[in-house]
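Comments concern the structure below.
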Amino acid sequence: MAIEFDTIAAISTPPGEGGIGIVRISGDEALDIADRVYQLGSKELKNQKSHTLHYGHVVNPKTNEQIDEVMVSIMRAPKTYTREDVVEINTHGGIVSVNKVLETVLHNGARLAEPGEFTKRAFLNGRIDLSQAEAVMDVIRAKTDKAMHMAVTQLDGNLSRLIRNLREDILSTLAQVEVNIDYPEYDDVEEMTSKLLVEKAVLVKAQVEALLETASQGKILREGLATAIIGRPNVGKSSLLNMLLKEEKAIVTEVAGTTRDVIEEYISVKGVPLRLIDTAGIRETEDIVERIGVERSRKALGDADLVLLVFNQNEPLTTEDRLLIEATDEHHRIVILNKIDLDNQLDLDELNTLVDPKSIVHTSIVTQEGLTELEGKIADLFFAGNTGEKDATYVSNIRHIALLHETIDAFDDVIEGIETGMPVDLVQIDMTRAWDLLGEITGDSVQDELITQLFSQFCLGK
Ligand code: GDP
Ligand code: ZN
């Protein structure tokens, strides 16, 4: 059942410099439109085989102006990203010519695609499900290898398969219940049916809960663990940061803020992506504490999932150090005693009473001592040693998490309904609700507005 769509086009490569830009066209008229703007002698793309590549020029048909030298690939439905006819025009003249090619395509019959519209079509045409479409978005945004891996695993359909299995499980029970209600041949059919419902509710609920338990890790993998490096001036914060950045290949991305652009830095420590907070301050040797004082750094720390608290063990603890300990008491914290290549002047016995001794690591940036241990502690803190599960299914998407919580509520209603002796056909409604809610994750049961809203979060050209 093909759905009728007009033909859309957009630039599908990221904006900015770059040798090649791709204009993607999708829809019934993709080949006709491409032929209107493409020239290579008398060759018509329409008559070429699917999944072939052609060299030529994009030309404005009205003025005959040559716009760019291009490679055009044509892919006929259904084996395409959108399951529609797709033409991709590879330009190589930089951003100006990509824009001009797009403009020409739009003047010759295509409509500018909305953000996410290509992926939306892939979904509506049944090539991918909703959680896979969301994974496409995650792949685009992934900031670390682990986040990318998680998104790709989801794109591959891991989460969808798991959810579909749970739904099938529920559905078979509902079918059984239906049969029992329709053919109440035995006296104890009501009791049997209740038992069936409650058992299934308990079973599937446990599986949903297990999935939800991966949520906090999933969120971390996706967004990075918000990490603050704090400590008095000169204890070695910048040195530590630079060393981590160098060793782990920093990924620096620009995030458009509302009032100004902030730079976020990501590092991956044993697969745990850290999103470093306020590194600009640290880089200028004027760190959070110096700049805004302990009282306000407490506030700035509010968003941190992890605090790396750095001391110079070549000096005794100061009042400011003690205030910093207090300010970070509620956080996941690793206490770094730096400069162990120098004399020890810090009273370790006292420190042990102030912080968890297990959270302390001794390091030297100069000799590189203790750095492996530091990385190990960071990883342990969040995965309890489970970092190795490469293909584990994580939920990380806020929408999925909310739906899973609602599903659990529905199961609770089933269980409670049976316990309080509610009629089976009423309990059945709650069970069906659980089935529906799970279906919203994969998009098997989902409303139009939600789809529109979801896909509008995509980048242009995807
Ligand atoms: P920050 O103000 O906390 O960012 O401290 P910096 O990273 O700027 O370091 C202050 C000084 O301490 C610099 O001269 C560093 O070279 C030095 N330093 C940092 N780590 C170590 C270390 O482990 N051992 C020694 N001996 N010096 C260090
Ligand atoms: Zn510094």
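Values in this text are rule-based calculations from the coordinates and carry no lab data. If you're wondering where the values come from, they're calculated on a predicted model, not measured in any experiment. As a convention, Cβ positions derive from the backbone with ideal geometry for all residues, glycine included, and neighbour counts pool all protein chains shown.
A few points about this structure:
- Cross-link pairs exceeding 32 Å in C-alpha to C-alpha distance, out of 200/358; 205/358; 79/270; 49/120, comprise 200/358; 205/358; 79/270.
- For segment 233-241, backbone phi angles converted through the Karplus equation (6.51, -1.76, 1.60; θ = phi - 60°) give residue-by-residue couplings of x, 6, 7, x, 4, 4, 4, 4, 4 Hz, Gly and Pro being listed as x.
- Solvent-free Debye scattering, log10 I(q)/I(0), computed from the Cα coordinates of segment 8-129 at q = 0.12, 0.21, 0.23 Å⁻¹: -0.39, -1.19, -1.40
- Going from the fewest other Cβ atoms within 10 Å to the most, the residues 429, 8, 325 appear in the order 429, 325, 8.
- Fewest neighbouring Cβ atoms within 10 Å first, the residues 33, 181, 336 line up as 181, 33, 336.
- Residues residue 303 and residue 456, FRET efficiency given R0 of 30 Å [Cβ-Cβ distance, rounded to 0.05]: 0.65
- In terms of surrounding Cβ atoms within a 10 Å radius of their Cβ, 5, 311, 118 rank from fewest to most as 5, 311, 118.
- Between the amide H of residue 111 and those of 7, 8, 9, distances stay under 5 Å, these residues lying 5 or more places away or on another chain, with hydrogens modeled in the peptide plane.
- With the simple model of a label 7 Å out from the Cα in the direction of the Cβ, residue 353 to residue 57 spans 8.5 nm.
- 3J(HN,Hα) from dihedral phi, segment 425-441, Karplus parametrisation 6.51/-1.76/1.60, rounded to Hz, x for glycine, proline: 5, 6, 4, 4, 5, 5, 5, 5, 4, 4, 4, 5, 4, 4, x, 5, 5
- In this simple spin-label model, placing a label point 7 Å from the Cα along the Cα-to-Cβ direction at both residue 416 and residue 429 gives a separation of 1.5 nm.
- Sparsely packed trypsin sites (Lys or Arg not before Pro) within segment 15-110, loop by DSSP, other Cβ within 10 Å at most 10: 49, 62
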